[in-house]
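Structure record follows, encoded as structure tokens.
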Amino acid sequence: MTSQRTRSRLVQRLQDQGITDPQVLDVMASTPRHIFIDEALSHRAYEDTALPIGFNQTISQPYIVAKMTELLLAEGPMKKVLEVGTGSGYQTTVLAQLVDQVYSVERIRPLQEKARKRLQLLSLRNVHLRHTDGGMGWAERGPFDGILVTAAPEQVPPELLQQLAIGGRLVIPVGGRQQELKLVIRQSEMEFTTEVLEAVKFVPLLSGTVR
Ligand code: SAH
């Protein structure tokens, strides 16, 4: 179930779906996804599917984690990345192995606490967690070279655009029932370009926090 062979099969699937970045594929191969999932479901950890993690939330599908990470890092390595929606901590863990510092915010406290334990178990020391409504970003720690959002707002939150460094990249699902994955690049202080990539399905970005 957790064997290297099972993980290699998953990576083969990711390659079949067009993921090519060797560093991303390596990290996907070595990250133990089963520890981010409750035991009752952990036998399905290496299927390429989203799975429930409680509180009506899901751990993202491996393909989408790989895709978003590859898009974020397509122009080279990054020092500071903000993740909105820590959830299980799986995407956080993938990022932490590829960039210098990860700042990750989550609005549901119990999910954040579980994620924190897993990150400690994996001895990841370059991750900074905060319990907050991430629609506002994390202004005190910005600007960020990259921002990756794992829940879908109806529109790109302006606060996130403001917290992007010049040249910074924002990867974000946008929409309601119909969602699109977008890549926004901050070309200069005032100029942003947007590329629409593919149809996706994320849980909604909600406002406020849950204790
Ligand atoms: N990256 C996660 C995906 C979790 S699903 C993983 O790999 O497991 C999306 C997460 O975004 C949920 O945990 C949800 O609670 C969180 N979320 C939704 N709206 C948010 C907001 N405004 N601020 C912070 N987190 C938010």
Exercise. For the stretch 54-66, how many residues are surrounded by 18 or more Cβ atoms within 10 Å (Cβ to Cβ) and free of Cβ contacts under 8 Å to residues at least 60 places away in the same chain?
Worked result: 5
Exercise. Of all the residues that make up the stretch 52-100, how many are part of a strand (DSSP E or B) and closer than 20 Å to Leu181 by Cβ?
Worked result: 7
Exercise. Is it true that some residue in the stretch 178-189 is in contact (Cβ under 8 Å) with a residue 60 or more places away in the chain and within 12 Å of the ligand (Cβ to nearest atom)?
Worked result: no
Exercise. With Thr69, Thr20 as the choices, which residue is closer than 20 Å to Leu197 by Cβ and open to solvent by 20 Å² or more (accessible area, probe 1.4 Å)?
Worked result: Thr20
Exercise. Under 9 Å by Cβ, and 6 or more places apart or on different chains, what pairs join a residue from the stretch 30-43 that is at negative phi and touching a residue at least 12 places away in the same chain (Cβ under 8 Å) with one that is open to solvent by 60 Å² or more (accessible area, probe 1.4 Å) and part of a loop (DSSP other than H, G, I, E, B)?
Worked result: Ser30/Gln97; Thr31/Gln97; His34/Met1; Ser42/Met1; His43/Met1
Exercise. Does Tyr103 fit the bill of being modelled with pLDDT of 95 or more and not in a helix (DSSP H, G or I)?
Worked result: yes
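Every residue, every condition in (1) of a type outside the set (Asp, Glu); (2) in a strand (DSSP E or B), yes or no:
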residue: Gly168; (1), (2): yes, yes
residue: Val171; (1), (2): yes, yes
residue: Val174; (1), (2): yes, yes
residue: Leu181; (1), (2): yes, yes
residue: Val184; (1), (2): yes, yes
residue: Glu189; (1), (2): no, no
residue: Glu195; (1), (2): no, yes
residue: Ser207; (1), (2): yes, no
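The values are calculated or read from the model by the stated rules, or taken from the named source; none is laboratory data. Keep in mind that this is a model prediction, so the values were computed, not measured. Positions of Cβ are backbone-derived with ideal geometry, glycine not excepted, and every protein chain shown enters the neighbour counts. These area figures cover heavy atoms from the full protein model, side chains too; ligands, DNA and RNA do not enter into them. Shrake-Rupley method; radii C 1.70, N 1.55, O 1.52, S 1.80 Å.
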